[in-house]
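Have a look at the structure below, then the notes.
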Amino acid sequence: MRILKGLIVVLVSLLALAGAGALSSAAAAQAEASGAEDLGYGVGAVATSMLYTPLKVAYAGLGLVAGGVGYVVTGGREDVANNLIQPAIGGNYVINGNQLRGREPVVFVGPAARR
């Protein structure tokens, strides 16, 4: 649990630093209204990610457990485990401004395992 909390703190810190760097360069290149809009989306992305990321990590963890159980129950069939694990661990773990704007999709469940 301590590792998960530490990971979340690191991710949020990195998002804040990346957003601050992007905002400072954007402010020089764009009008003040656009900079304020970017700031709003950046703050919204961080706030949303603080709720979304723990849920996604929990879902991925449950997918890993389900994949392990599926592997054992089916007598070692890797395809069963992969079909449970891959969608759970795939997808986005952090929300960004473009996703809040609707320019990029938010992918909670990743693609199915390749065969």
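Structural remarks
- Matching option when the condition is surrounded by 15 or more Cβ atoms within 10 Å (Cβ to Cβ), of a type in the set (Ser, Thr, Tyr), at pLDDT 60 or above and within 14 Å of residue 109 (Cα to Cα), among 53, 48: 53
- Of all residues in region 63-79, none are under 13 Å from the mean Cα position of the chain (by Cα), surrounded by 17 or more Cβ atoms within 10 Å (Cβ to Cβ), in a helix (DSSP H, G or I) and at pLDDT 95 or above.
- Restricting attention to region 26-45, the residues that are under 29 Å from residue 89 (Cα atoms) and at pLDDT below 80 total 0.
- Evaluating residue 95 against the criteria (1) closer than 15 Å to residue 110 by Cα; (2) assigned to a helix (DSSP H, G or I); (3) of a type in the set (A, V, I, L, M, F, W, C) leaves one unmet condition, (2).
The values are calculated or read from the model by the stated rules, or taken from the named source; none is laboratory data. Just so we're clear, the structure is a prediction, and the values are computed from it rather than from any experiment. A quick note on method: Cβ atoms are made from the backbone with ideal geometry, for glycine too, and the neighbour counts reach across all protein chains shown.
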